[in-house]
Amino acid sequence: MRAAGLPEVPEQTALVAAAAFPKGTLAMRVREKLAEVFADEPFASAFGVRGAPGLSPGMLALVAVLQFAENLTDRQAAGMVVRAIDWKYAIGLELTDPGFDFTVLAKFRARLVEHGMERLIFDRLVEHCRQEGLIEAGGKQRTDSTHVISAVRDLNRLELAGESMRAALEALATAAPAWLGQTMPVAELELRYAARVDSWRLPSSKTKRDRLAEIYGQDSLALLHALHAPDTPVWLREIEAVQLLRRIFMQTYYVHTDARGREVVRKREAEKDGVPPGHLRLASPYDPHARWSARGDELFWCGYKVHLTETCDNSTGGATARTQTPNLITDVTTTVSTAPDVTATAGIQQRLTGRQLKPGEHYLDSGYPSADLVTAAAREGIAMITPLLADHSRQARAAEGFDKSAFRIDWTTRQVRCPEGRTSTGWYPVQQHGHDAIVVEFARSHCGTCPSRDKCTTAARGNRMLTLRPRELHENVAAARAEQNTDTWQAKYALRAGVEGTINQALDITDLRRARYRGLPRTSLQHAYSATAINVIRLDAHWTDQPRRPRTSRLTRLAHQLVA
């Protein structure tokens, strides 16, 4: 790599672009206003300094951003470099330049992932906007997530067992064909694993499906035994497809020894043998990070989850206020689909703080907060505007009886008084699920004769027990739950809903909800460039003083024409 940055725009290219697009285009304005974001120096550690000169990584990064801004494939993006005048202007090419092969973009992404540079361009653009005063610390920001469908086929357990064996055989046939030919009956295996398992119809009979599952299990076990034989090269076991086969075999089958000392393979039954939890259970032999997940009773998907955070200081102002500073995405993070939203909250706030963009108010839905997070954020100067989940006790859910709010707590004397005037007899600091808690116990003799016992507890032991958080957390939660029931808080919290529009824009423009690539690192890169593209589009609207307008249907436009 020669760290030269984007080349100067050739004179002929500039003249033709100005004549063809007198008002300019998004690609041309990005070149004119954001050229420093696409410098080569930040990519230096991922590229060599010896050998034949290659393409500028800054130029390839700009092509990738424009590619996502127009939702193009690699082949289409490479074609635009050849024939689009404004793209040639943006990356500084002569009009006669033939461009590059579309496979260069895939190699460029692979190198970024290999060196941990998935977010490099996104972070540089955000930092540029901060220096330009378009984003600043102490303002309002909001976060939400959406599901992402992986770029692999959906397989049931039987298909997964067969396809994982086929993937391992394909990898071994490439890496060690001689070993595979000498160790395994290749001709027999070719009959079962030459074609993709989901390319033909599985047996309709349950008996035949069970027999096929048994055959897949026996073949997999035989291959794994051969791979772990003493004379087998150790490096064969380290091939990713082989490691995934081993994990899928363990989650699908149960191996035991019969009365004759033979190994017997049978399919696992959840109730009898147990299966791995969802966050560990593999869903494909081609994507080790994709997981099956569910949201509510209707949404089921295999893939990931993406979290978007954006500024929202001017979202409730008038038209003039909205055009002053655009709402820009300040953070994007991709997680496995089984990770709860609450696990992403601290990381988002830490990254924003590290980039000097710590929000004064952070708007989130009820999946992101916890008592510990709200308290920790407040100590750092971040007010989390988010509804805390209600009390889940039986009494609170039934809206009858005595929940925690009915008890008076004396933190100084470490005693609790119940609604009937009885005082607790035990106060026990404990650890529950890795967090500090306090268990309060009332005397069994008091609860046994209490006239309100049925409203208070149904415990078999006969006495009421309360679980409290430490004083600061308990009081913060109580105050937050009381505040979020007010009309003032509800009106303020309405600001969070605007992030849904950002997610919809990302879906419409960059197809954010469908992973283009396999694996969490590459999917994270896709989402980082999608967020960069959205920011570029919003900046372009800001530069041209053209705020985004809601999309209207053809029917609406026709009705307006008839009225006119």
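Rolling a 1.4 Å sphere over the protein heavy atoms, what is the accessible area per residue of the range 331-455, to the nearest Å²?
It amounts to 52 Å² per residue over the range 331-455.
Hey, can you find the accessible area per residue of the range 460-540 for me, probe 1.4 Å, expressed in square angstrom?
44
Which entry in (1) 27.2; (2) 39.6; (3) 37.2 matches mean projected area of the Cα convex hull in nm² derived from the coordinates of this structure?
Identified label for the calculated read-out: (2).
Under a plain spin-label model, where a point goes 7 Å from the Cα along Cα-to-Cβ, how far apart in nm are ASN156 and GLU214?
Each label point lies 7 Å from its Cα, and together they span 1.9 nm.
Length gain on complete extension for the stretch THR343 to ARG481, per 0.36 nm per residue less the alpha carbon to alpha carbon distance?
47.6 nm
So what does GLU400 come to for accessible area, using a 1.4 Å probe and Å² rounded to 10?
The value for GLU400 is about 130 Å².
Would you mind telling me the share, in percent, of accessible area of the chain contributed by carbon and sulfur at probe 1.4 angstrom?
51
So how do ARG464, ARG516 rank on accessible area, 1.4 Å probe, biggest first, that is with the largest at the start?
The ordering from most to least exposed comes out as ARG516, ARG464.
Label points 7 Å out from Cα along the Cβ direction at TYR493 and GLN243: separation in nm?
4.4
In whole percent, what relative contact order does the chain give with Cα contacts below 8 Å and a gap of six or more residues?
In percent, rounded to a whole number, it is 18.
With the convex hull built on the Cα atoms of the range 44-100, state its orientation-averaged projected area in nm².
Convex hull of Cα atoms, orientation-averaged projection: 4.4 nm².
From the cross-link list LYS206/LYS272; LYS23/LYS140; LYS305/LYS404; LYS23/LYS107; LYS88/LYS140; LYS305/LYS358, which pairs have alpha carbons spaced over 27 Å apart?
Correct reply: LYS23/LYS140; LYS305/LYS404; LYS23/LYS107; LYS88/LYS140.
Run the quick spin-label model on LEU299 and THR103: label points 7 Å from Cα toward the beta carbon, then report their separation in nm to one decimal.
Simple spin-label model gives 3.9 nm for this pair.
Please calculate how many Å² of accessible area the range 112-192 carries per residue, with a 1.4 Å probe and no DNA, RNA or ligand atoms counted.
Counting only protein heavy atoms, the per-residue value for the range 112-192 is 43 Å².
The values are calculated or read from the model by the stated rules, or taken from the named source; none is laboratory data. Being a predicted model, the structure only gives us computed values, none of them experimental. Every residue, glycine as well, gets a Cβ built from its backbone with ideal geometry; the counts of neighbours run over all protein chains shown. Heads up: the accessible areas ignore ligands, DNA and RNA and are worked out on the full protein's heavy atoms, side chains in. Shrake-Rupley method; radii C 1.70, N 1.55, O 1.52, S 1.80 Å.
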